[in-house]
Amino acid sequence: MNTLQLKEIFSSRHLLCTCFGHKLYVKREVTPNFKEFKCSICQLELTNDEQGAKIELTPHLKEVNETLLQFYFKKHSHSLIAS
Ligand SMILES: [Zn+2]
């Protein structure tokens, strides 16, 4: 398979998503309010912001989510010990 064929596949997949919308599934639940999503067709990764709107998962946001996850886990495990 050459690069051109790969490009065609990618663009046709992207076209599918453009026409029918992304087929998103929850890749990871960061906190009950923050989730990471992935499109099973074009592999696009998304997350949600404070307002619940879906935004592209950039490397920076991945880091933010990682930090959130650690904070949430710590808080959660502390409250478990306290109760
Ligand atoms: Zn997609």
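Summary of computed values
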read-out	value
Selection from segment 50-72 of residues that are assigned to a loop (DSSP other than H, G, I, E, B) and open to solvent by less than 40 Å² (accessible area, probe 1.4 Å)	LEU57
All positions within segment 13-49 that are assigned to a helix (DSSP H, G or I) and surrounded by 11 or more Cβ atoms within 10 Å (Cβ to Cβ)	ARG13, HIS14, LEU15, LEU16, CYS17, THR18
Total residues in segment 24-52, condition within 16 Å of the ligand (Cβ to nearest atom) and more than 12 Å from the chain's Cα centre (by Cα)	2
Single unsatisfied condition, LYS75 versus (1) assigned to a helix (DSSP H, G or I); (2) under 30 Å from SER12 (Cα atoms); (3) among the basic types (Lys, Arg)	(2)
Qualifying residue in segment 27-42 (condition: in contact with a strand residue (DSSP E or B) (Cβ under 9 Å, 6 or more places away or on another chain) and among the aromatic types (Phe, Trp, Tyr))	yes
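The values are calculated or read from the model by the stated rules, or taken from the named source; none is laboratory data. Everything numeric here is computed off the predicted structure, so don't read it as measured data. Using ideal geometry, Cβ is built from the backbone for each residue, glycine included, and neighbour counts are taken over all protein chains shown. Only protein heavy atoms, including side chains, enter the accessible area calculation; ligands, DNA and RNA are left aside. Shrake-Rupley method; radii C 1.70, N 1.55, O 1.52, S 1.80 Å.
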